[in-house]
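The values are calculated or read from the model by the stated rules, or taken from the named source; none is laboratory data. The structure displayed is predicted, hence computed values, not measured ones. Methodologically, a virtual Cβ is constructed for each residue, glycine included, from the backbone with ideal geometry; neighbour enumeration extends over all protein chains shown. Protein only, heavy atoms only, side chains kept; ligands, DNA and RNA dropped before computing areas. Shrake-Rupley method; radii C 1.70, N 1.55, O 1.52, S 1.80 Å.
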Amino acid sequence: MSTTDGSAPARAAADGAEAGAGSGRDAIARAARRAFTLKPYAEVTMRGIAAAAGVSPSLIVKRFGSKEALFNTVADFGAAADALFAAPPAELGRHLVLTMVDLRDRFGGDPLLRVVFSLGIEDERTLLRARFREQVTDRLTAALEGPDAALRAELIAGQLLGLGATLSLHRPDGAGAHASAARLADLYAPGLQRLVDGT
């Protein structure tokens, strides 16, 4: 029996291969983030996401259920916030830079920028911004001590978005693309740390 036909065994084998080696869920999420960032929600299709991820549409349905559920998954900043804020205040500035670079490398793009560049209809943009505020800015505000915590949190979030935008804008041949994460942190983290400290 040919393994390239559309039979149930062939589809099952293909889905099994797609699910292996971390290529399934992560690849789908990366492709979906790109799709929902670059196109309005109504123009994004499960078939298009599947093609970009190199998986079958049935695997997306199996992993996420529906396009709405997939959108809600990739419009969640909670995991990125967990990683970004997993350091004590005295070390947070440097940690933020190193983690942003690591997340970009691991997920093939900035985990926060979709809130800025989303082309969706107003309801989608509003949802993204509300989630960003709740899961990133408000959470950081609660963690900061001293005066103007909300303002400082907004400025820190803006600095992180700026870092991500700069690295994206000058990719792949810009100086930032060739700098180590440690060097980026050496240059960028002190300003973030001043905002964290409130000095």
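A few notes on this one:
- Residue in the stretch 89-108 that is among the hydrophobic types (A, V, I, L, M, F, W, C), out of contact with any Gly (no Cβ under 7 Å at 6 or more places or on another chain), open to solvent by 30 Å² or more (accessible area, probe 1.4 Å) and at pLDDT below 90 present: yes
- Qualifying residues in the stretch 177-192 (those that are exposed (fewer than 14 other Cβ atoms within 10 Å of the Cβ) and aliphatic (A, V, I, L, M)) - the one nearest to ARG152 (Cα to Cα): LEU187
- SER118 falls short on exactly one of the conditions (1) at pLDDT 85 or above; (2) open to solvent by less than 20 Å² (accessible area, probe 1.4 Å), and that condition is (1).
- Against the conditions (1) open to solvent by 60 Å² or more (accessible area, probe 1.4 Å); (2) in a helix (DSSP H, G or I); (3) closer than 23 Å to ASP138 by Cα, ALA86 satisfies every one except (2).
- Cβ-Cβ under 6 Å pairs, at least 6 apart or on other chains, the stretch 62-80 side under 20 Å from LEU112 (Cα atoms), far side modelled with pLDDT under 85 and charged (D, E, K, R): VAL74/ARG33
- Flag if ARG63 is under 22 Å from ILE156 (Cβ atoms) and either assigned to a helix (DSSP H, G or I) or modelled with pLDDT under 90 (or both): no
- Applying the criterion of at least 2 residues that are touching a residue at least 60 places away in the same chain (Cβ under 8 Å) to the helices (runs of 4 or more DSSP H) found wholly in the stretch 116-199 leaves 149-169, 181-197.
- Of all residues in the stretch 29-60, exactly one satisfies the criterion of being modelled with pLDDT under 90, open to solvent by 50 Å² or more (accessible area, probe 1.4 Å) and part of a loop (DSSP other than H, G, I, E, B), namely LYS39.
Residue-wise test of (1) open to solvent by 50 Å² or more (accessible area, probe 1.4 Å); (2) under 21 Å from ALA79 (Cβ atoms).
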site: GLU145; (1), (2): yes, no
site: ALA149; (1), (2): no, no
site: LEU160; (1), (2): no, yes
site: ARG194; (1), (2): yes, no
